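One structure is given below, encoded as structure tokens.
The values are calculated or read from the model by the stated rules, or taken from the named source; none is laboratory data. Just so it is clear, the model here is predicted, and its values are computed rather than measured. So basically every Cβ, Gly included, is an ideal-geometry build from the backbone, and we count neighbours across all protein chains shown. The area values use the complete protein model at the heavy-atom level, side chains included, leaving out ligands, DNA and RNA. Shrake-Rupley method; radii C 1.70, N 1.55, O 1.52, S 1.80 Å.
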Amino acid sequence: MAEQLGASPTPRFLPIAREGFPHILVTIFLWALLAWLFGWLGTVLGGLAFAFTVNFFRDPERRPPADPHAIVAPADGRVIQVAKVDDPRFFEQRVLRISIFMSPLDVHVNRIPCNGTVREVRYHPGKYFRAFADKASLDNEQNALLLESENGRRLWVVQIAGFIARRIVCRVQRGDQVVRGQRYGMILFGSRADVYLQPREVAAEVKVGQKTRAGETVIARWL
């Protein structure tokens with residue numbers, strides 16, 4: 001069942017993505033080992049590693065906009081492309097691609113851009129070019145969702161592994177009903193998210209260089 005993230009999200013005891021707990025436990029063990037082996041220097045290094053890991057897996061609550069026409073960012077990060085491109089993997093005609101680059105310091109939990117139904121889940125194993133490179137959209141490991149909105153329009157949202165990333169998590173499957181701002185997965189340790197839209201159906205609301213917050217920042221609107 002879709003997780004309803006409306007105006008009153010339920011607070012959690014620890015705002016950490018569930019994928020992060022095994023990594024945090026390993027980091028705690030490493031911290032103790034380094035402290036035992038190298039004294040104060042190991043304590044400092046282990047503490048830095050622990051702080052980085054907790055920061056990476058943080059998962060704050062978000063409040064999606066109420067506007068039914070809003071399409072929200074699937075990721076925290078910086079917009080690196082808003083352009084019309086040819087990519088027959090997703091749509092036969094020229095499409096609008098909005099790309100968001102996530103640095104290791106950004107929140108990496110991914111969120112659904114609009115209300116609707118998951119019509120297809122398409123995983124593609126690939127390489128690990130730097131996520132901000134153009135060829136990353138074609139060659140890198142990625143997982144794509146085809147979403148059909150409540151008004152019958154379709155978009156693709158694509159999780160793309162980056163140079164450091166080595167694991168893509170996707171928690172939804174074909175046929176699932178999803179809501180705007182719903183958590184649906186994450187990419188571990190640096191990555192990128194692309195959204196493919198049909199230009200005649202939307203108006204872009206972001207520009208290159210703009211920072212985004214997953215589930216909150218409106219990147220486009222249905223016309």
Spacing of the two label points (7 Å from each Cα toward its C-beta) at Thr43 and Val85, in nm: 4.9 nm
The range 212-220 - phi-based ³J(HN,Hα) in whole Hz, Karplus 6.51/-1.76/1.60, Gly and Pro as x: 10, 10, 4, x, 10, 5, 7, 9, 6
Apportionment of accessible area to carbon and sulfur, the range 142-223, percent (1.4 Å): 46 percent
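Which percent of the accessible heavy-atom area of the range 8-117 goes to carbon and sulfur, probe 1.4 angstrom?
On the range 8-117, the fraction of accessible area on carbon and sulfur atoms equals 71 percent.
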Amide H contacts of Asp59 (H built 1.01 Å from N, under 5 Å, at least 5 apart or other chain): Ile16, Ala17
